[in-house]
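Taken together, the values in this text are just the output of simple stated rules run on the coordinates, not laboratory data. Remember, predicted model here, so these are calculated numbers, not experimental data. With ideal geometry, Cβ positions are generated from the backbone for all residues, glycine too; neighbour counts draw on all protein chains shown.
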Amino acid sequence: MWGLVFVISYVFAGSSAVVPNSDKIVQVQSLVTRYGLAWTLKNVVKNYGGFQPLGLVLVMMIGFGVTIENGLLQEGMKKLANVPDEYLVFSV
């Protein structure tokens, strides 16, 4: 994903757009330059930390991984679906 963003920023470098509901004009900066790479590395924590759902998603992924590793998810699906083991994949 980062690679795609870097390529798009390189292709559209120098383009500009008007911010909706204001007269402010923003210009696309290339992330492929030395300045762009430095900016990316300096602001990566702020960008991810400012994304509100990230904490919830990470906690849910950890919880899902734990349930898979200890077999709780498989057993729960067996009880919920009430099918033999060989048909469990198809019932989900």
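One table, with the values for the structure above:
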item	result
Under Karplus coefficients 6.51, -1.76 and 1.60, residue-wise ³J(HN,Hα) of the stretch 58-67 in Hz, glycine/proline x	5, 5, 5, 5, 5, x, 5, x, 5, 5
Separation in nanometres of the label points that stand 7 Å from Cα toward Cβ, at Phe51 and Asp23	3.5
Phi-based couplings in Hz for the stretch 16-30 (Karplus 6.51, -1.76, 1.60; Gly and Pro marked x)	9, 8, 9, 6, x, 6, 7, 9, 6, 10, 10, 10, 6, 9, 6
Space enclosed by the convex hull of the alpha-carbon atoms of the stretch 52-92, per residue, Å³	73
Rounded FRET efficiency, nearest 0.05, which uses the C-beta distance separating Leu4 from Val59 and R0 of 35 Å	0.85
Cα gyration tensor category, rounded, prolate or oblate, for the stretch 1-50 with a/c compared to 1.5	oblate
Crossing angle, helix 2-11 versus the chain [Cα axis fit, 0-90 degrees, rounded to tens]	30
Cα convex hull volume per residue for the chain (Å³)	200
